[in-house]
Amino acid sequence: MTLPARDRPRGVASRLAPFGTTIFAEMSALAVATGSVNLGQGFPEDPGPALLRSAASAAIEEGDNQYPPGIGVAALLEAVAAHQLAEHGLAYDPAREILVTAGATEAIASAVLGLCEPGDEVVMLEPSYDSYAAVVAMAGAVRVPVRLAYDEAAGRWVLPPGALEAAVTERTRLVLVNSPHNPTGKVLDGDERAEVAGVCCRHDLVCVTDEVYEHLVFDGRRHVPLATLPGMRDRTVTISSAGKSFSVTGWKVGWACAPADLLAGVRSAKQFLTYVTPAPLQRAVAVGLAVTHDLVDPLRDELRANRDLLAKGLAGVGLAVRDAEGTYFLTVDLSPVTGEDGATFCRALPARCGVVAVPCSVFYGDPDGGRSLVRFAFCKRRATIEEAVDRLGRWRP
Ligand SMILES: *Cc1c(COP(=O)(O)O)cnc(C)c1O
């Protein structure tokens with residue numbers, strides 16, 4: 001029971017209190033304090049593509065500095081529409097079916113806030129990106145996790161068949177999916193995509209899909225948007241962002257594509273969160289989207305090489321590496337090396353060898369979830385990954 005307002009102590013509202021401050025702040029501060037190599041937070045070290053930087057500067061200099069239209073700058077809406085069509089064969093009307101947001105984070109928040117009533121259930125994969133649980137709580141909705149499992153024999157993370165179906169009740173409002181998946185690096189395969197689509201269609205559910213790593217998929221695998229599956233386009237909110245594709249995570253320019261009735265829900269929340277997204281950055285992202293592959297193809301190759309180097313280094317000290325099929329991240333299981341939980345291990349690792357990582361437990365709702373798992377980011381300069389591998393190699397568990 002919540003106490004009356006006048007009787008409550010000052011501070012964080014009860015529905016947000018469980019989330020505390022994110023581990024990323026703590027770990028990044030620890031990295032600075034100890035001079036460690038920071039493979040915790042997922043942001044690149046390079047300054048971002050020159051093409052985007054000069055387009056943003058030019059837009060600012062030209063005076064594009066006032067409120068843009070609420071749905072987004074026309075050039076970016078059109079660029080997103082052209083991108084969805086060229087990449088995935090998905091046609092969206094830029095006037096009614098696309099919304100520019102303050103990063104994918106705001107698109108996800110707006111979808112949950114704008115489409116859910118209090119008490120509605122949101123089914124989501126677990127582990128999950130840390131904002132999902134918090135925004136479901138802000139909406140007064142209920143998080144229903146579906147755990148991904150690691151299949152040792154297949155050597156990959158899997159969505160256990162039937163698990164999604166079993167999580168659906170008459171209160172389910174949204175199915176929130178993320179592929180390529182943070183923190184595991186998993187990419188949903190054809191059977192898993194069909195399972196998600198089957199559940200959504202059978203139960204007439206709305207699917208919200210976070211595809212920010214759509215271009216960062218390795219080893220010849222392909223990202224297939226859930227909206228391309230039969231029956232899905234008209235029940236899916238597809239979310240992506242410039243941050244990961246173009247290595248500009250500080251820009252926070254994202255977008256949602258959805259049929260007009262669903263997009264209206266997303267827009268109704270977005271307009272009272274940030275109202276608009278910075279105009280000059282939208283203009284620059286439109287320039288980037290027109291040459292997507294010139295920017296993402298070299299990035300993908302660099303990331304894959306970094307992943308391989310890091311995976312080898314981590315395996316070399318005896319950790320059980322769970323290789324990444326996409327994204328910025330890979331996970332390791334500590335159990336072959338130590339009985340410590342991930343949080344204890346990550347707090348000790350800077351002093352042991354000068355490397356920072358994050359415990360996967362922060363991506364689970366229940367405190368024991370992902371206990372022995374740790375996530376490492378490989379979206380760093382080659383020299384940084386080499387240094388981390390070197391330091392890990394000098395440490396003996
Ligand atoms: C980084 C990330 C986001 C946030 O994207 P922004 O555009 O920076 O808001 C959303 N979802 C996942 C899975 C991410 O890893």
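Here are the numbers for this structure:
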quantity: Some residue of the range 230-239 being within 11 Å of the ligand (Cβ to nearest atom) and either at pLDDT below 95 or assigned to a strand (DSSP E or B) (or both); calculated: yes
quantity: Among (1) touching a residue at least 60 places away in the same chain (Cβ under 8 Å); (2) of a type in the set (D, E, K, R); (3) assigned to a helix (DSSP H, G or I) - the single one residue 186 does not satisfy; calculated: (3)
quantity: Some residue of the range 249-258 being polar (S, T, N, Q) and away from the ligand (no atom under 11 Å from the Cβ); calculated: no
quantity: Qualifying position, being modelled with pLDDT under 95 and either more than 27 Å from residue 297 (Cβ to Cβ) or not β-branched (Val, Ile, Thr) (or both), among 49, 4, 69; calculated: 4
quantity: Verdict on residue 138 being of a type in the set (A, V, I, L, M, F, W, C) and either in contact with a Pro (Cβ under 8 Å, 6 or more places away or on another chain) or more than 30 Å from residue 274 (Cα to Cα) (or both); calculated: no
quantity: Hey, residue 339 among the small types (Gly, Ala, Ser) and surrounded by fewer than 17 Cβ atoms within 10 Å (Cβ to Cβ) or not; calculated: yes
quantity: Tally of residues being out of contact with any Gly (no Cβ under 6 Å at 6 or more places or on another chain) and within 13 Å of residue 388 (Cα to Cα) across the range 330-356; calculated: 6
quantity: Given (1) more than 17 Å from residue 275 (Cα to Cα); (2) outside any helix (DSSP H, G or I), index of the condition residue 70 fails; calculated: (1)
quantity: Every residue from the range 367-397 that is surrounded by fewer than 24 Cβ atoms within 10 Å (Cβ to Cβ), farther than 12 Å from residue 313 by Cα and without any contact (Cβ under 8 Å) to a residue 60 or more places away in the chain; calculated: 367, 368, 371, 372, 383
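The values are calculated or read from the model by the stated rules, or taken from the named source; none is laboratory data. A quick note: this is a predicted structure, and the numbers were derived from the prediction, not measured. Counting neighbours? That spans all protein chains shown, and the Cβs are built from the backbone with ideal geometry, glycine included.
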